[in-house]
Amino acid sequence: QQQVKQSPQSLIVQKGGISIINCAYENTAFDYFPWYQQFPGKGPALLIAIRPDVSEKKEGRFTISFNKSAKQFSLHIMDSQPGDSATYFCAAVAAGNKLTFGGGTRVLVKP
Amino acid sequence: AAGVIQSPRHLIKEKRETATLKCYPIPRHDTVYWYQQGPGQDPQFLISFYEKMQSDKGSIPDRFSAQQFSDYHSELNMSSLELGDSALYFCASSLDARAFFGQGTRLTVV
């Protein structure tokens with residue numbers, strides 16, 4: 001059973017558009033929610049992360065929105081660029097334990 | 001800045017052989033994780049170590065074992081390899097909740 005559910009599985013967006021990826025979780029013990037970006041054949045790279053006491057965090061073109069009551073969080077990629085084409089994973093961590101990943105979203109940004 | 005170093009980057013083994021993957025965490029990081037990632041799948045947690053002691057165990061086959069040494073490097077030992085073990089194997093290290101991944105070892109079992 002997937003503890004962190006991620007949608008959509010794939011996403012196509014035009015250059016300059018907004019990419020939105022959503023994740024939902026059940027385990028209320030999760031207290032840290034990172035997003036990773038992965039290019040083919042490479043390791044996941046930490047992109048941005050949030051804790052549940054914050055509703056939004058922005059770093060450059062990347063924004064996380066967090067809804068604690070709904071147990072949902074999302075990644076928005078503003079002004080999407082072809083170089084953003086990658087697989088994005090949301091993840092959740094409980095008290096310094098292992099990362100539990102969502103299923104991943106393959107994003108393709110068309111020029 | 002130093003990153004997580006994994007070796008080898010690529011490994012080809014025959015069925016029933018043994019493989020050893022190595023991981024050198026970021027200096028001063030106290031936790032090491034091992035993940036397995038199949039094609040088109042999310043990384044699956046195998047095992048972790050905190051301060052050289054096993055701290056958590058995931059869906060790791062009994063044929064696999066791992067340890068963390070006094071210099072904090074970690075090794076994943078895989079025996080009686082099966083075709084289904086072909087995957088990318090990632091090591092990650094962390095000091096706080098932020099985990100940083102290595103570039104992975106691509107294991108191909110033929």
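Coordinate-derived values only; no laboratory data. Source: prediction; values computed, not measured. Cβ sites come from the backbone with ideal geometry, for glycine too, and all protein chains shown count toward neighbours.
Counting only strands (runs of 3 or more DSSP E) wholly contained in segment A:6-96, the ones carrying 2 or more residues that are of a type in the set (F, W, Y) and within 19 Å of B:Q37 (Cα to Cα) occupy A:33-38, A:86-93. Right, A:A70: of a type in the set (A, V, I, L, M, F, W, C) and crowded, with 16+ Cβ neighbours inside 10 Å or not? Against the criterion (of a type in the set (A, V, I, L, M, F, W, C) and crowded, with 16+ Cβ neighbours inside 10 Å), A:A70 does not qualify.
The one condition from (1) within 14 Å of another protein chain (Cβ to nearest Cβ); (2) aliphatic (A, V, I, L, M); (3) surrounded by 18 or more Cβ atoms within 10 Å (Cβ to Cβ) that A:I77 does not meet is (1).
A single member of A:K42, A:K71, A:K58 is within 14 Å of chain B (Cβ to nearest Cβ) and free of Cβ contacts under 8 Å to residues at least 60 places away in the same chain, and it is A:K42. Here B:S80, B:S94, B:S70, B:S86 are screened, and the one residue that is under 30 Å from A:F30 (Cβ atoms) and of a type in the set (S, T, N, Q) is B:S94.
The residue of segment B:40-95 that is nearest to A:Q3 (Cα to Cα), among those that are surrounded by 22 or more Cβ atoms within 10 Å (Cβ to Cβ) and among the hydroxyl-bearing types (S, T, Y), is B:S48.
Of all residues in segment B:27-56, those that are over 28 Å from A:R106 (Cα atoms) and either in contact with a Cys (Cβ under 6 Å, 6 or more places away or on another chain) or more than 9 Å from every other protein chain (Cβ to nearest Cβ) (or both) total 9.
Out of curiosity, is A:G60 more than 25 Å from B:Q6 (Cβ to Cβ) and of a type in the set (G, A, S)?
yes
Would you mind stating whether B:R63 is of a type in the set (K, R) and under 23 Å from A:I48 (Cα atoms)? In short, no. Selection within segment B:1-39: residues that are basic (K, R) and closer than 15 Å to B:G102 by Cβ. The member of this set that is surrounded by the most Cβ atoms within 10 Å (Cβ to Cβ) is B:K22.
The one condition from (1) part of a strand (DSSP E or B); (2) at the interface with another protein chain (Cβ under 9 Å from one of its Cβ atoms); (3) of a type in the set (G, A, S); (4) closer than 18 Å to A:K42 by Cα that B:S93 does not meet is (2).
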